[in-house]
Amino acid sequence: MAHREGIARLALGLTLLGGCHLGWAAESARPPVVEPVFGPRPRVATTPAELASLRSSQSFEAVQAAVVRQADALLAAPPPLPDGPGNWIFYYACPADGARLRAVTAAKHECPACGKAYTDRRTVEAYRCLQHNTLDSAALQLASAYTYTGEERYAAGTQRILLFLADTYDSYPGRRDRWGRHGILAPLGGRRYVQSLDEAYGVIPLAKAYDLTCEAAVWTADQRRHVEEDFLRLTARTLLRFNQDINNHQTWYNAGLMAIGSALGDADLVRQVLTMRGGYYDQMARSLGDDGLWYEGTMAYQRYALGAILEIVDVGRRLGLPLHEHPRLKALILSPALACYPDGSFPVINDSDPATLAGFDESFEWAWKAWGDERFAQARARGDSARLEALIGRPATATWPLTRGTVDFPDLGLLKLEAGQGSQAACVFLDYGPHGGGHGHFDKLGITLFAGGREWLLDPGRLSYSVPEYKTWVKTTAAHNTVTVNGRDQAATAGRLLWTTAGEGWTAGAAECDSAYPEVLLRRHLVLTPDFLLDVFDVRAEPARTVDLLVHAQADRVEPQLGTDPPEGEDCVPGERDGYPHLTGGKAFGTRGAAPPSRWAFVAGASRLEAVFVPVAGEQVIACVGIGYRLGERAPCLIRRVRLRDGAVRLISLYTWGMGDVVTGAAQVATAADGSMAVSAAGRQWRVRFADGAAGAVPVSVSYDR
Ligand SMILES: [Zn+2]
Ligand SMILES: [Zn+2]
């Protein structure tokens, strides 16, 4: 029921493009010229001042006791010294069943699943990778115990490991990788390990351990020189031999080199790590954008790179280098808290796996301590005021989510719309951006939807690199909540954001792409409120093409909402190629000239996502089942299929969520003669009208009765 007199015209909070980006200015790639200052040891893992502060803290006794307990165990049973370099850790598995092996002796290993014994060289070498890993962490645990207690026996335990590595490192092959290639044919290879990545990761605790203990009485000057020249410096040479440019492997090489440079007091090496191609400043300029998102576009890589960057920054800070003041560092740490759903999980776009913000908790705490910027404490607390107060040490109110309205991530090409508060807020991601290179999917103008405390409309991510569906399903357009034309994949391309805007109780945005298919313009407009998503998808193309709008949900099933006598669909095969063969159990509605049901419900337990489709002449709706986040997980799918008659179609879909009859039967959407849409949802009447392309026009007008 419409209360015309009650309709209030709302002022538009128009956010122009460029004004909605994150607030950090683009920085110059030119690094500030600052010289490292090598103060008294320790200076790699900690400093005398940091240690004094730790010793005076209430938690010191507990920290010390835990470290000493670990170190005593390592002295009682010293870790074995491996008889050569390691191989790839994933080779330490049974080829028959994938089970991780267990060691009978250093030369004999067996599968706990099938009992098969392995004595081959590759398996033995892979086991040595584990042994080297153990040495890396043991050296630092022992060194920490020495630092906290001053007892020389712990320093001697660290020294045993470092002298062993100095004695043996130069006897390892010059360079080889996990595929058995050598020298210049092994750019990713290493010496102590078969990846420079592992070598970099492993040398960080060793450089810290050396720095913590090398002034203990157990060390002679010759021994120090031996470790510095024959282990640390040779490892640095390994890490500098090939440069991986903007890649996250290089980020870890940089972290390893920084730790070595600080431990050796080598100003040239530190400067090189900061200023070389692929070095710290170059990566901060080229491996991420002002939106703070790592270029590979997945949170797993972002987290991996961030771990290395914080190592670099911490080592640098202890040398007086202001690396933490880089304007993009804040954006890099904060962006995951902006690019997530209200429950802290991430949309699984491109080659991602499902993941949550919890993986970034350490970096939020790091940032809160480094800058005292409360946004990081809020990101860590995620709505938990008690946790927030414990972190910042005074009464405070948790505010979550951090974002309201719209957030654009222009470098990744992702628009986030958010409406409502707390973990029940509604949130949509619209992927308009560049394809994403080898990790990209053909998903232009695809959306994902979080509402009512859970994700409904999903992107399956990558599933796994090792299954055929990685190519036959997850990358295809049909696996995404977007449009296909003639049942084919889109091209690898970029769209563009048209506008974003928000008003009281709603937020909106639109994007388009004219290069996903030849001679086809795709344009998608979204209006999100805490109660509904209005999706208006315009397609302009030559007549006689077939347009499919796909909707994939995490749900048990999808069913038409048509009272007591729902129509039976006709068996149908949705398509023959480009992902469609994975859409099974198809039932077509709207065949033989009858209009298909316009109301549908995705049902998941007691929760429902209702979809209302404004009918289009000649439309079919196909209900089928695709693949969810795991092979074998069924994700119900609806396809709105229209054969173009006059070169353009507007597909209007309304989604509402809630429990049972709160929304059942309530939601309506209809178009008026003037092109505006009347939406009835959650007890309110809305009117939405999109401007049609005129430059400078207010892009959307939204009004509702209240
Ligand atoms: Zn086995
Ligand atoms: Zn995808």
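The values are calculated or read from the model by the stated rules, or taken from the named source; none is laboratory data. Not measured: the values here are computed from a predicted model. Here the Cβ positions follow ideal geometry from the backbone for every residue, glycine too, while neighbour counts run over all protein chains shown. Side chains included, ligands, DNA and RNA excluded: accessible areas come from the protein's heavy atoms. Shrake-Rupley method; radii C 1.70, N 1.55, O 1.52, S 1.80 Å.
Applied to region 534-549, the Karplus parametrisation 6.51 cos²θ - 1.76 cosθ + 1.60 on θ = phi - 60° returns per-residue 3J(HN,Hα) values of 9, 10, 10, 10, 9, 10, 10, 6, 4, x, 6, 8, 9, 10, 10, 9 Hz, with x for Gly and Pro.
For Lys587, no lysines have a Cα falling under 17 Å of its own Cα, not counting residues fewer than eight places away in the same chain.
With R₀ set to 41 Å, the beta-carbon distance separating Leu402 from Arg645 gives a calculated FRET efficiency near 0.35. Under 5 Å between amide hydrogens, built in the peptide plane, is the criterion, and for Asp459 it picks out Val348 among residues at least 5 positions away or on other chains. Look at the alpha carbon pairs under 8 Å that are at least 6 residues apart: their mean separation over the length of the chain gives a relative contact order of 10 percent. Screening the chain for whole DSSP H helices with an alpha carbon extent of at least 20 angstrom along the helix axis and a mean Kyte-Doolittle hydropathy of at least -1.0 yields 60-76, 121-149, 152-168, 196-213, 248-264, 299-317.
I need the semi-axes of the equivalent ellipsoid of region 405-705: take the C-alpha gyration tensor, multiply each eigenvalue by 5, square-root it, list largest first in whole angstrom. The equivalent ellipsoid of region 405-705 has semi-axes of 25, 23, 21 Å. Placing a pseudo-label 7 Å from each Cα along the Cα-to-Cβ vector at Ser171 and Val698 gives an inter-label distance of 8.0 nm.
Rounded to the nearest 20 debye, the dipole size of region 438-559 about its Cα centre is 340 debye, using +1 on the Cβ of Lys and Arg and -1 on the Cβ of Asp and Glu. Cross-link reach is defined here as a Cα-Cα straight distance under 14 Å, omitting same-chain residues fewer than 8 places apart; for Lys444 the aspartates and glutamates meeting it are Asp431, Asp459, Asp489, Glu512, Asp514, Asp538, Asp548. Based on the alpha-carbon gyration tensor of region 86-195 and its eigenvalue square roots a ≥ b ≥ c, which shape applies: rounded if a/c is under 1.5, prolate if not and a/b is larger than b/c, or oblate? Oblate. From the largest down, region 595-634 spans 36, 22, 11 angstrom on the principal axes of its Cα atoms. Placing a pseudo-label 7 Å from each Cα along the Cα-to-Cβ vector at Glu215 and Gln58 gives an inter-label distance of 3.1 nm. Here the label points at Glu570 and Arg100, each 7 Å from Cα along the C-beta direction, are separated by 5.5 nm in the simple model. Note on Ala670 and Asp556: the extension gain reaches 38.2 nm, defined as 0.36 nm multiplied by sequence separation minus the Cα-Cα distance. May I ask you to list the residues of region 368-398 whose amide nitrogen lies under 20 Å from a point 7 Å from Cα along the Cα→beta-carbon direction of Ala49? Of the residues in region 368-398, 368-373 have backbone N under 20 Å from the label point off Ala49. For the pair region 636-653 and region 382-444, the centres of their Cα atoms are 30 angstrom apart. Report the paramagnetic label zone for Tyr629: residues of region 306-338 whose backbone N is under 19 Å from a point 7 Å from Cα along the Cα-to-Cβ axis. Hits in region 306-338 for Tyr629 at 19 Å: 336-338.
With 0.36 nm allotted per residue and the present C-alpha distance subtracted, the Ala494-Glu389 stretch has 33.5 nm of extension available.
Maximal additional length on extending the Asp361-Arg121 stretch stands at 82.4 nm, based on 0.36 nm per residue less the C-alpha distance. Starting from the Cα of Lys108, draw a straight line to each of the aspartates and glutamates and keep only those under 15 Å, dropping any in the same chain fewer than 8 residues away. List returned: Asp83, Asp120, Glu125. Shape analysis of the chain places it in the prolate category; the axes a ≥ b ≥ c from the Cα gyration tensor give an a/c of at least 1.5, with a/b above b/c.
In the calculated pair distance distribution of region 499-588, what percentage of Cα-Cα distances lie above 16 Å?
On the way: 2869 of 4005 pairs.
Distances greater than 16 Å cover 72 percent of the Cα pairs.
Simple rule: put +1 on each Lys or Arg Cβ and -1 on each Asp or Glu Cβ in the chain, find the dipole, and look at Thr507, Thr251, Ser701; the Cα lying farthest toward the positive end is Thr251.
When the accessible area of the chain is split by element with a 1.4 Å probe, what percent falls to carbon and sulfur? Could the numbers behind the result be given before it?
Working: 14710 of 28440 Å².
Carbon and sulfur together cover 52 percent of it.
Based on DSSP H segments of at least four residues, each scored -39500 (n - 2.57), the chain has a per-residue ellipticity at 222 nm of -9000 deg cm²/dmol. Along region 432-446 the Karplus relation, 6.51 cos²θ - 1.76 cosθ + 1.60 evaluated at θ = phi - 60°, assigns HN-Hα couplings of 10, x, x, 4, x, x, x, 9, x, 10, 8, 10, 4, 6, x Hz to successive residues, with x for each Gly and Pro.
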